[in-house]
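The values are calculated or read from the model by the stated rules, or taken from the named source; none is laboratory data. The structure displayed is predicted, hence computed values, not measured ones. Using ideal geometry, Cβ is built from the backbone for each residue, glycine included, and neighbour counts are taken over all protein chains shown. Protein only, heavy atoms only, side chains kept; ligands, DNA and RNA dropped before computing areas. Shrake-Rupley method; radii C 1.70, N 1.55, O 1.52, S 1.80 Å.
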Amino acid sequence: MIAVSTGGPITLKKLFADMPPLNAAVVIILHIQPGMDRLVAKGLAAVASMPVSVAEHGEFLERGRIYLAPGGCHLTLEGNRRIMLHEGPRVNFVQPAADVAMKSLGRPFMGKIVGVVLTGMGNDGAAGIYHIKEIGGTTIAQDRKTSAIYSMPNSALQTGAVDFVFSPDKICWKIVELMNEGAN
């Protein structure tokens, strides 16, 4: 699961431009207004090796796909597999909020969970990263040098729950490495 805000579309394109298809689903929580989500998904689909779509209520995650949370509502995952969209108040001043999505994850019975916080203003994603680490996931934050705004990655780092700090190109390959561990 990826949390991102200011500078997000450009950073996401850098992250996914060289990433091969994964045997995993990727969920992106980008702080975005309703109506802009489809444009961002379309732009990301132009560079990604996996299909990209705006997440829909009730759909089940499929491996090898990228899901972008729609603007104007929160996204949670029921049983780590089913997308649920919720109206409700903003969290961390944003909607969708990464903390809401990340904190909906449960300890996986099988498979892996990777949480990533990329560039952005505020502290959304910090509590979520802490939660992901607590349930046995791997956590990654974008480095200061490549972040348009370092507030979100820095807030995640301050939790003490971040395993790796990298640039988007190195985050790409770390995700590939993590998803390929133990796969034969």
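Distance between Cα centroids, the stretch 7-54 to the stretch 123-184: provide it in whole Å.
Taking the Cα centre of the stretch 123-184 as reference, the centre of the stretch 7-54 is 17 Å away.
Given Cβ point charges of +1 (Lys, Arg) and -1 (Asp, Glu) and nothing else, what value in debye, to the nearest 20, does the dipole of the chain about its Cα centre take?
Rounded to the nearest 20 debye, it is 160 debye.
What number of lysine-lysine pairs in the chain show an alpha-carbon separation below 26 angstrom, given a sequence spacing of 8 or more or placement on distinct chains?
Total qualifying Lys-Lys pairs in the chain comes to 27.
As a test question: what accessible area, to the nearest 10 Å², does GLU177 have when a 1.4 Å probe is rolled over all protein chains in place?
Rounded to the nearest 10, that gives 90 Å².
Just to be sure I understand: with springs between alpha-carbon atoms less than 10 Å apart, which residue in PRO21, PRO168, PRO96 has the highest mean-square fluctuation in the Gaussian network model of the chain?
PRO21
Per residue, what accessible area does the chain have, given a 1.4 Å probe and all protein chains present, in Å²?
Per residue, the chain has an accessible area of 48 Å².
Return the carbon/sulfur percentage of the accessible area of the chain, one whole number, probe 1.4 Å, all protein chains in place.
54
Largest first, how would LYS133, LYS170 line up by accessible area (1.4 Å probe)?
I get LYS170, LYS133, largest accessible area first.
Would you look at the GNM of the chain, springs on alpha carbons closer than 10 Å, and say which of GLY43, GLY115, GLY88 moves the most?
Most flexible of the set in this elastic network: GLY88.
With n ≥ 4 as the cut-off for DSSP H runs, can you work out [θ] at 222 nm for the chain, using -39500 (n - 2.57) per run divided by the number of residues, rounded to the nearest 500?
Computed ellipticity for the chain at 222 nm equals -8500 deg cm²/dmol.
Of PHE109, PHE164, PHE60, which has the largest mean-square fluctuation in a 10 Å C-alpha GNM of the chain?
Highest fluctuation among the options: PHE109.
Just checking my list (1) 8.9; (2) 10.7; (3) 13.7 against mean projected area of the Cα convex hull in nm² computed from this structure; which label fits?
(1)
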